[in-house]
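Every read-out reported here was derived from the displayed coordinates using simple, explicitly stated rules and does not represent laboratory data. Note that this is a predicted model, so its numbers are computed, not measured. Cβ placement follows ideal geometry from the backbone for every residue including glycine, while neighbour counts extend to all protein chains displayed.
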Amino acid sequence: MAKKAAVRERDVVGLVAAFNADREAERVEMKYRLIADNPFAFLRGTCHLFYQDFPADRLLNSAPPGWICGDLHLENFGTYKGDNRLSYFDLNDFDEAVLAPASWELSRFLVSVLVAADTLKVRPAEAIALCHCFLDAYAENLGEGKARWVERLTAEGMVRDLLRDLRLRERPAYLDRRTDIRKGKRKLRLDGIKALPVDDAQRKKVKDFMAEYAETQPAPDFFRVVDVARRIAGTGSLGLERYSILVRGRGGLDGNFLLDLKLAPGSALAPYVPTAQPEWQTEAERVVAVQKRVQAISPAFLSAVSIGKRSYVLKELLPQQDRLSLDLWNGKLRRLESVMRTMGGIVA
């Protein structure tokens, strides 16, 4: 009883503040507003608290180790275009990825379903049923002994609808939403929603890095920087050093490409995971290596890079990147059940 009381009385606000203390204040403030909105948002933005509380002496820790994304929840699945230029629905966040008991991934996901029930307007009994759908699909696919991926031709229900919608998304329209055209060139739109301005030192840092990176690529001019902004994205990662980089690409206003450059800190699971980890050269190498092992096909330009002593994940930003809007279930539980089966199969 004393142990439980200690957990209840701990300074949760202080723990969250300490975890985010070395991050950029402007975007951390955005994060705090997001996680204060509802319990599910709080769960998404405080992965470190989940594993601080995870029981160290339970049966859950005896499961075989596997590569896990570490922060699995309902909104860490999404669509993207692979480096083969086809669109997929898969896990899409590997910041916390580690080698850990496979049950850890399942536990966090199932907790997310229960915590999100109120936000989704799902009754408690229905949330439990959705958990069973996920676990049944997970067990069935695991028993088949082969990896599963989801693309437009194999998707069902709400996932199929999202992947079909991606066919209509074109790069020029995507660029028009993220940029403004000034004096014949695109400039990133600093709207305080997707992007914030950089200072001169940040701009120089990114441009110098990209110039070096370009020289290692078959088409260096493709990566010539047109503009740079601080990127606003995610929940748990808000406040980390992160940039949107507009590059020349194929040339012309509609040929520009958008890249994401994101600092890779250590995994929040690292202090608690009981499994010995590989000796990664950098944290970005860990993120990219696990992502490439877990996903059927990885996003274009996915790379682990370094700037000075810090490591970053570089990848392409595309109009085909999106998350499933689970609130579109429209009171039809079978639509959510289909999503749970798809997610369970992917995780397996």
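Annotations
- When the Gaussian network model of the chain links Cα atoms closer than 10 Å, the mean-square fluctuations of SER62, SER267, SER87 top out at SER62.
- Kirkwood Rh and Cα Rg combined as Rg/Rh, the range 171-317: 0.99
- Shape summary: the range 1-124 maps onto an equivalent ellipsoid whose semi-axes, from the alpha-carbon gyration tensor, are 25, 21, 16 Å in decreasing order.
- Residue-wise HN-Hα coupling along the range 212-218, computed from phi with Karplus coefficients 6.51, -1.76, 1.60 (Hz; x: Gly, Pro): 5, 4, 4, 5, 8, 9, x
- Theoretical gain in end-to-end length, LEU190 to THR154 [0.36 nm per residue, Cα-Cα removed]: 9.1 nm
- Loop sites here are GluC sites (Glu not before Pro) outside DSSP states H, G, I, E and B with no more than 14 other Cβ atoms within 10 Å. The longest part of the chain free of them is 1-155.
- Subtracting the Cα-Cα distance of SER303 and VAL13 from their residue separation scaled by 0.36 nm leaves 100.9 nm.
- Think of the chain as a dipole: +1 on every Lys or Arg Cβ, -1 on every Asp or Glu Cβ, centred on the Cα centre; then among ALA264, PRO172, GLY145, PRO172 lies furthest on the positive end.
- Backbone HN-Hα couplings from phi across the range 46-58 [Karplus 6.51/-1.76/1.60, Hz, Gly and Pro as x]: 9, 4, 4, 6, 4, 7, 5, 8, 5, x, 7, 10, 9
- Alpha-carbon centroid distance for the pair the range 165-190 / the range 210-259, whole angstrom: 14 Å
- Estimated FRET transfer efficiency (GLU170, LEU59; beta-carbon r; R0 56 Å; 0.05): 0.65
- Paramagnetic label zone (point 7 Å from Cα along Cα-to-C-beta, ALA276; backbone N under 20 Å) in the range 96-113: 98-102
- Residues whose amide H falls under 5 Å from that of VAL150, counting only those 5 or more places apart or on a different chain, are PHE89, with hydrogens built in the peptide plane.
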